[in-house]
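Written out below as structure tokens is the structure these notes cover.
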Amino acid sequence: MFALIRIALRNVTRNRRRSLITLSAVFLALTVMVGVRGLLNGLQATIREGVVYGQTGAVQVHRKGFLKAMQGAPLDLDLPADEAFLGKIRAVPHVTAVAARIPFGGMVNHGDQTVFSLFTALDPVAESKVCPQRYERVKVGRPLDPADPTGGDFTTPLLSRLGVKVGDGVAILTNDRDGVLNAVDMKVIGSFPEPGLFAADKKVGFIPLPLAQELLRMPGRATEVAIAVDPLDRIDEVVAALRPVVGPEYEVSSWHDVAGYVDEIVKNQNLVLNLISNIFLFMALLGILNTMLMSVRERTREIGTMMAVGVRRRQILALFLLEASLLGLVGGALGLAAGYGIIHHYAGEGIVMRAVGSTTDIVIHPFITAPFVARTFVVSIVGAAVAALLPSFFASRLRPVEALGSVA
Amino acid sequence: MNNLMENAMRRSIILGVAALLGQAAPVAAAEPTAAEILKKYDDTMSPKTFDALVVMIAHRQDDTTRTYKFRVMKGHDDKIRLWFFEPASAKGQEMLRVGENMWVYMPSLKRAVRIASRDSFQGGDFNNADALRVNYVADYTPVLGDSGDPKSYLLDLSAKSKDAAYDKVKLWFRKGDLMPEKAEYYAASGKMIRSMKFTDVKDFRGLRRPAHLEMKNELAQKRWSEMTWLDMKLNVEVPAQRFVVDDLGR
């Protein structure tokens, strides 16, 4: 067997130029596969974290039926925002923080301008632990602050519609839980360009929870509880543990349920990536097929000689398969190394990108996982062998006498 | 001979046509035009000046109701002002409409805030322009449609501007006294968003009008609101200074 490997190695190095070209094809394919996968991993992680740590939290609790009626941001499907209820949730293992919220629609007024917008009432302290990225998005001024009970943060599109700057006063108008119109005065203490990734509505404001409870005339109540989970892969466990804790009149959902579009986006990205990767791999393997076909044709006399001195057909087959696998192995290893090098280079500082239609940059830290590297490596070696199957079979089926007489 | 016959024929045709016209003419005179019907609708629902007491009950999805009581006063030039008495949380709130501009006075802000005509009126199914309804003739272009019922007229209204309460309205009127019977309200897309029934025609000091309006929300099941006119005084004194923004809250 070792002898066979040695011969295979020698054969591969015999036609250096051709082997080099084949190797580069495999190398390039693998570099692209790994690089794009790494980039996409980073992008998907950024999206996931942006949603979990910037919008939804890991897990949410609502009154039953709230998520279905979410569009109308119903206020009557409410829950207690007191320590008795929130404390029970916080006591569940792996729950690190709990924040009560109220999403609601209403109007912002300044002078003669009144603009419809979407608000989320947030607990200024707890929210910073559940969704810290929300606070990092505030570019001008400062995020919600318990020391400023009437201070709110608003998106820049909303503020520019109103002609308002950070530091100015605005009034928030909305219908309270009973439908009666109510209003409060507020101060704009901060602004952020966008409410979050994939936010359909750009006119959004964040309001301190106690002020919103007064505005909506629902003291001590909220409609949503956002929960931080650490480590994040324990979400299913936390969801299962929470259900008996909160009782049957509440629904417990993971961020996958609340922001199902994220999983959908990731799935579609992976679909496209796999298609592209497979095309690259297929081209590289065609290169190997071609190389081996040439090789068999050129070495017909040699194969005849080998057979004449007693080398078995099985061994001939194995020899050619080995040669192809060697190309796959070396090209694959180099390609993986190069791809990994590129990813490693960008992993630290990250790649700054801007999504279409967005005004905020996102930073992507590409990475790849060990199972992906291992799988890709195996695919490149086995793929090369499979591509060489037909030429190798031809070689092993040659008749020694005719092969010896070949002039090719 | 030929000439005579021709003349006779011509005369009889002219006579026949005249007879036909003579028959048709009185009927045509009795049929009101679209503009006349709409004018009558304005006179019925929003006479020149008035001072009225209205109760609105909003029926919500969860089968609960919310009751509002308010006073509406209409001054000259289609200005209209509204004071809330009930519920306690709305007490002190006031509204004013001057032309297409609307304000709500919020006691918690101690000032008036501009509101949009198409926003919901106190979370119910009427919008602000419905509650502060003044002049459909000014807001809509009417066309007579086929009501499908010999006893009623149908008016198709299209809004002249975005400030009108709705983009398109279909209004049915009873023939004879031209009392409004029902209405359908449409978004620009053509989707029906509200429908209304006018019932309980009452005499308010000489003005006959529906005292009960039922507005059904066609976008949400089980949501509707009703307004009942408890009293309506006509030709009251309406001091002009009551109809300016600065007077709100006083």
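Quick notes on this one:
- For chain A, with all protein chains in place and a probe radius of 1.4 Å, 63% of the accessible heavy-atom surface sits on carbon or sulfur.
- Area buried, chain B against chain A - accessible surface, total, 1.4 angstrom probe, square angstrom: 1500
- The C-alpha radius of gyration of chain B, expressed as a fraction of 2.2 N^0.38 Å, stands at 1.29.
- Taking a ≥ b ≥ c as the square roots of the eigenvalues of the Cα gyration tensor, region B:111-215 is oblate, since a/c reaches 1.5 or more and a/b is not larger than b/c.
- Cα-only radius of gyration and Dmax that characterise chain A, units Å: 31.4, 101
- Extending 7 Å from the Cα toward the beta-carbon at both B:MET192 and B:ALA138 defines two label points whose distance is 3.0 nm.
- Cross-linked pairs B:LYS39/B:LYS162; B:LYS40/B:LYS168; A:LYS139/A:LYS267; B:LYS91/B:LYS216; B:LYS69/B:LYS202: Cα-Cα separations exceed 24 Å for A:LYS139/A:LYS267; B:LYS91/B:LYS216.
- With 0.36 nm allotted per residue and the present C-alpha distance subtracted, the A:ASP230-A:ASN278 stretch has 13.7 nm of extension available.
- Relative protection proxy for A:107-117, A:393-403, from highest mean packing down: A:107-117, A:393-403 (other beta-carbon atoms within 10 angstrom).
- Residues of region A:142-177 with an amide N closer than 17 Å to a point placed 7 Å from the Cα of B:VAL245 along the Cα-to-Cβ direction: A:162-164, A:169-173.
- Cα-based reach from A:LYS64 at 20 Å (exclusive), listing lysines while leaving out same-chain residues under 8 positions away: A:LYS88, B:LYS222
- Of the DSSP H helices in chain A, those whose Cα atoms cover at least 27 Å axially and whose Kyte score averages 0.5 or more: A:16-51, A:260-298, A:313-349
- With a simple spin-label model that places each label point 7 Å from the Cα along the Cα-to-Cβ direction, the separation between B:LYS91 and A:ILE342 comes to 7.3 nm.
- Applying both filters, DSSP loop and at most 14 other Cβ atoms within 10 Å, to the trypsin sites (Lys or Arg not before Pro) of region A:1-103 gives A:LYS64, A:LYS68.
- At R0 = 41 Å, FRET efficiency that the Cβ-Cβ distance of A:LEU293 and A:PHE372 yields, to 0.05: 0.85
- Full-extension gain in nm, B:LEU53 to B:ASP146, via 0.36 nm per residue minus C-alpha separation: 29.9 nm
- The dipole here belongs to region A:65-247: it is taken about the Cα centre, uses +1 on the Cβ of Lys and Arg and -1 on the Cβ of Asp and Glu, and is about 260 debye.
- C-alpha center-to-center spacing [region B:174-250, region A:365-389] in angstrom: 73
- Other residues whose C-beta falls under 10 angstrom from the C-beta of A:VAL204 contribute a net charge of -1, scoring Lys and Arg +1 and Asp and Glu -1.
- Dimensions (Å) - region A:65-247, Cα atoms, principal axes, largest first: 50, 35, 31
- Per residue of peptide B:84-93, the mean number of Cβ atoms on other chains within 10 Å of the residue Cβ is 3.
- FRET efficiency for the B:HIS76 to B:ARG223 pair, using the beta carbon distance and R₀ = 35 Å, is estimated at 0.45.
- Once you reduce region B:27-56 and region B:122-162 to the center of their Cα atoms, the two points are 11 Å from each other.
- Low-density loop positions, GluC sites (Glu not before Pro), region A:166-267 - DSSP coil, at most 14 other Cβ in 10 Å: A:GLU249
- Ignoring aspartates and glutamates fewer than eight residues from B:LYS233 along the same chain, the ones with Cα atoms less than 15 angstrom from its Cα are B:ASP43, B:ASP51, B:ASP203.
- Counting only other chain Cβ atoms within 10 Å of each residue's Cβ, the peptide B:109-118 averages 4.
- Unit charges at the beta carbon, dipole of chain B: most positive-side option, B:PRO180, B:ASN217, B:TYR140: B:ASN217
- Placing unit charges on the Cβ atoms only, positive for Lys and Arg and negative for Asp and Glu, gives the protein assembly as shown a dipole magnitude near 2540 debye about its Cα centre.
- Heavy-atom accessible surface of region A:102-209, averaged per residue, reaches 36 Å², computed with a 1.4 Å probe.
- Protection proxy ranking of B:166-179, B:231-244 - average other beta-carbon atoms within 10 Å, highest first: B:166-179, B:231-244
- Oblate is the label for region B:32-80, because the ratio a/c of its alpha-carbon gyration tensor axes (a ≥ b ≥ c) is 1.5 or higher and a/b is not greater than b/c.
- Net charge over other residues, Cβ less than 12 angstrom from the Cβ of A:LEU317 (K, R count +1; D, E count -1): +3
- Per-pair calculated FRET efficiency, R0 = 41 Å: A:GLN44 and B:THR67 via Cβ, rounded to 0.05: 0.20
- Ligands, DNA and RNA left out, the 1.4 Å accessible surface of chain B is 55% carbon and sulfur atoms.
- Top positive-direction residue, dipole computed over the protein assembly as shown with Cβ charges, set A:CYS131, A:ILE47, B:PHE126: A:ILE47
- Peptide A:179-189 has a mean of 6 when you count, residue by residue, the C-beta atoms of other protein chains within 10 Å of its C-beta.
- The charge dipole of chain B, taken about the Cα centre with unit charges on the Cβ atoms of Lys, Arg (+1) and Asp, Glu (-1), comes to about 380 debye, rounded to the nearest 20.
- Around B:LYS79: net Lys/Arg minus Asp/Glu count, Cβ-Cβ under 10 Å: +2
- Euclidean distance between Cα centres, region A:188-203 to region A:258-302, Å: 41
The values are calculated or read from the model by the stated rules, or taken from the named source; none is laboratory data. Model, not experiment: these values are computed from the prediction. No Cβ is skipped: glycine too gets one built from the backbone with ideal geometry, and neighbour counts run over all protein chains shown. Protein only, heavy atoms only, side chains kept; ligands, DNA and RNA dropped before computing areas. Shrake-Rupley method; radii C 1.70, N 1.55, O 1.52, S 1.80 Å.
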